[in-house]
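A short worksheet on the structure shown next.
The values are calculated or read from the model by the stated rules, or taken from the named source; none is laboratory data. For clarity, every value in this text was computed on a predicted model and none was experimentally measured. Here Cβ is always computed from backbone atoms with ideal geometry, including for glycine, and neighbour counts include all displayed protein chains. The accessibility values were calculated without ligands, DNA or RNA, using every heavy atom of the protein model including side chains. Shrake-Rupley method; radii C 1.70, N 1.55, O 1.52, S 1.80 Å.
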Amino acid sequence: MEDLDCSAVLADVWLLLDNECDQDAKARLEEHINRCSPCIEAYGLEEKLKSLLNRKCGGERAPDSLRARLTVEIRTSFTSVETD
């Protein structure tokens, strides 16, 4: 399996949490997360956030425009953290 960098994994963690990636991507992401302590921690935080949002928002799906904006913000945030 190819080795992914943390920023790529964390950028796609919501795809994994929402079961929106194919089986190959899921396997690659899970393999990296299981081997990488910082990613395990980040994944756990994202998983808790998703659970909290589901409880507080009744499990409603966010509009596609909001999801797209959040994806860009998350990727930008992780990219800037990686370069610091």
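The GNM of the chain, with springs linking C-alpha atoms under 10 angstrom apart, assigns the highest mean-square fluctuation among 52, 66, 17 to 66.
Computed in the context of the full set of protein chains, the accessible area of the chain at 1.4 Å probe radius has 53% of its extent on carbon or sulfur.
Restricting the GluC sites (Glu not before Pro) of the range 1-74 to loop positions (DSSP other than H, G, I, E, B) with no more than 15 neighbouring Cβ atoms within 10 Å leaves 2, 20, 60. Once every DSSP H run of n ≥ 4 in the chain is given -39500 (n - 2.57) and the sum is divided by its residues, what mean residue ellipticity at 222 nm do you get, rounded to the nearest 500 deg cm²/dmol? Roughly -24500 deg cm²/dmol at 222 nm, from the helical runs in the chain.
At a probe radius of 1.4 angstrom, the accessible area of the chain per residue rounds to 72 square angstrom.
Across q = 0.15 Å⁻¹, the chain modelled as identical point scatterers on its alpha-carbon atoms has Debye log10 I(q)/I(0) values of -0.57, in the order of the q list. Cysteine residues of the chain whose Cβ has no partner cysteine Cβ closer than 4.7 Å: 6, 21, 57.
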